[in-house]
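Shown next, in structure tokens, is the structure this report addresses.
The values are calculated or read from the model by the stated rules, or taken from the named source; none is laboratory data. Keep in mind it's a predicted model, so treat the numbers as computed, not measured. In this analysis, Cβ positions are derived from the backbone assuming ideal geometry, glycine residues included, and neighbour counts consider all displayed protein chains.
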């Protein structure tokens, strides 16, 4: 194994110069970070590693944007197979998109750009604005919810930014979608679940509702209709200990008269209509329609 490739990311060109072929990089000892960028599996996966990978492929005047910028801010809502790096370049740039690099041209102001570890990234406000203009409304709101939850920018600042960019393509769409966001939401699947309920015409629930018994904290529920003590939770537990903790929390809420339903990612993708029907029955059973 070439020593110069052991502890840092590298490109295919660098790999070939060190005596490694593209076929060799398909082996289990190598991990692909971006299209055209790899690292040895012994290199700890970290943000610093990803930043180093970005530096290998970015043009000097590029500004990381969209879902790539959201990723750097800590909101990784990309598809598992989405390894492309999305960047803005100044108007008139001669660099075009290529495998692993998606290029868009934009006229950005100084306030639109933030320098992070030597890399230019769209500001929190601009990143949320760009994500709100994604082709899929669901994924646009999922991304915006995640960034708002991370406090990359407050909702009011995003609304003000959109108002000042009313001539930019997609501004009206971004403003309409901003009304669908909920900064309290803590996971992408919770965002998708909330949108499902909204589109079904159900009353909007309160996110991250705290249940108390007097002054005593009992539980925090993903979505709740507190006037009728109905709640729905997304089961995102990925290990036994977390699931047991969630079960005890829900049992405590039920002990105080709450009706709590639980849904999974499988429920959402396979039978979303069943989720809607279940919530509708629970609300109707307690007099809320």
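At-a-glance table
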item: Residues (over 23 Å from the mean Cα position of the chain (by Cα), touching a residue at least 40 places away in the same chain (Cβ under 8 Å) and under 30 Å from residue 214 (Cα atoms)) located in region 253-277; result: 253, 256, 258
item: Among the candidates 220, 194, 216, 199, residue that is under 24 Å from residue 151 (Cα atoms) and surrounded by fewer than 19 Cβ atoms within 10 Å (Cβ to Cβ); result: 220
item: Filter result for residue 79 (out of contact with any strand residue (DSSP E or B) (no Cβ under 6 Å at 6 or more places or on another chain) and assigned by TED's automatic domain parsing to the domain that holds residue 127); result: yes
item: Subset of region 1-50 [closer than 25 Å to residue 104 by Cβ and touching a helix residue (DSSP H, G or I) at 6+ places or on another chain (Cβ under 8 Å)]; result: 9, 11, 12, 32, 33, 34, 36, 37, 47, 50
item: All strands (runs of 3 or more DSSP E) inside region 52-134 with 2 or more residues being out of contact with any helix residue (DSSP H, G or I) (no Cβ under 7 Å at 6 or more places or on another chain), surrounded by fewer than 19 Cβ atoms within 10 Å (Cβ to Cβ) and at pLDDT 90 or above; result: 101-105, 113-116
item: Some residue of region 228-250 being crowded, with 19+ Cβ neighbours inside 10 Å, assigned to a strand (DSSP E or B), out of contact with any strand residue (DSSP E or B) (no Cβ under 6 Å at 6 or more places or on another chain) and outside the structural domain of residue 140 (by TED's automatic domain parsing); result: no
item: Condition met for residue 216 (over 27 Å from residue 74 (Cβ atoms) and modelled with pLDDT of 95 or more); result: yes
